[in-house]
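What follows is a single structure, written as structure tokens, with notes after it.
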Amino acid sequence: MDQRIVQNIYHLFKLEDRVAIVTGAGNGIGKATARMMAGLGAIVIACDIEEDSVTATVDEILAEGLKAQAYDCDITKPEQIRELIKQVLEKYGTIDILVNNGATLGGGKKVEEVDEEEFDRLIKVNLKGVYNFIAAVLPTMRAQKYGKIVSVSSVAALAGDFTDIHYSAAKGGVIAMSKTLARELALEKINVNVVAPGLTNTRMAHEWEFGPALERFYRIGEPEDVAAAICFLASEAAGYFSGQVISPNGGEYML
């Protein structure tokens, strides 16, 4: 390949020595994102409530000679997040990228099956969990006047779904919160964006049958399809993107 092309790609998409926190990194989209970012040169701080899963992710990254560290962290517990941030800053001195991917599903519940406790559970994890991490990293990003925040929503937030009103509500809240933050933080050179994937071949998504979707689309999305969009938004190639929603969905929904 022409060396000029290599250099252009490098300058646009490199994440070399960027410290990147990825939540929900034990499986699926989070794991694919952690591995892809490490491959682009980032120092990946991989977080998940499942300690064994996130350790396995980091072991795979380290085996490739890349940089990563695993943390067992519950995104609903601000004290755990603050401790993680403290440790990261003590070791690396900065946090450049935050990928909010940690989430849970609603289980295919109709509205009459979603009681108050169940509704609060989804909001606590899928919306407030995102807020918890953003609130914890913002002082650092503001002080350095640089940061990339990418949060994972869902096509269900854009088009609705046939079940799980609480899941759609929480993921819609992620979009609204991100748009407001993008405006608030613009002058501080902090980009805030959202990726809203369609049906993706992850462990969580296998609560649903893929057959009906395959009757309409040529394939189901893979975690790497979503990870590529996340890595783009975290790169300098997306320096003029903020408050935007990118939806890798194979044509399931079009803005």
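Here are a few things to note about the model shown:
- Angle in degrees between helix 51-63 and the longest Cα principal axis of the chain, rounded to the nearest 10: 40
- Amide H partners (placed H, <5 Å) of Val19, local residues excluded: Ile43, Asp96, Ile97
- Listed peptides 51-63, 90-102 by packing density, highest first (mean Cβ within 10 Å): 90-102, 51-63
- Measuring nothing but how far apart in sequence close Cα pairs (under 8 Å, 6+ apart) lie, relative to its length, the chain scores a relative contact order of 20 percent.
- Long-range HN-HN contacts of Ala196 with modeled amide H, under 5 Å: Ser153, Ile246, Ser247
- Axis angle, to the nearest 10 degrees, between helix 78-92 and the longest C-alpha principal axis of the chain: 20 degrees.
- Fraction in percent of alpha-carbon pairs per bin - 10 Å, the range 79-178: 15, 42, 26, 14, 3
- Among Ile165, Val130, Pro223 - extreme Cα towards positive end, dipole of the chain, charges at beta-carbon: Val130
- Rg and Dmax over the alpha-carbon atoms of the chain stand at 17.6, 60 Å.
- Bridgeable lysines around Lys189 (alpha carbons under 21 Å apart, same-chain partners fewer than 8 residues away excluded): Lys14, Lys145, Lys148, Lys179.
- Each Lys and Arg contributes +1 and each Asp and Glu -1, all at the Cβ; summed about the Cα centre of the chain, the dipole is approximately 1100 debye.
- Calculated mean residue ellipticity at 222 nm for the chain: -14000 deg cm²/dmol, from DSSP H runs with n ≥ 4 weighted as -39500 (n - 2.57), summed, divided by the residue count and rounded to 500.
FYI, it's all coordinate maths here, none of it is from the lab. Keep in mind that what you see is a predicted model, and the values were worked out from it rather than measured. All Cβ positions, even for glycine, are placed from backbone atoms using ideal geometry, and neighbour counts span all protein chains on display.
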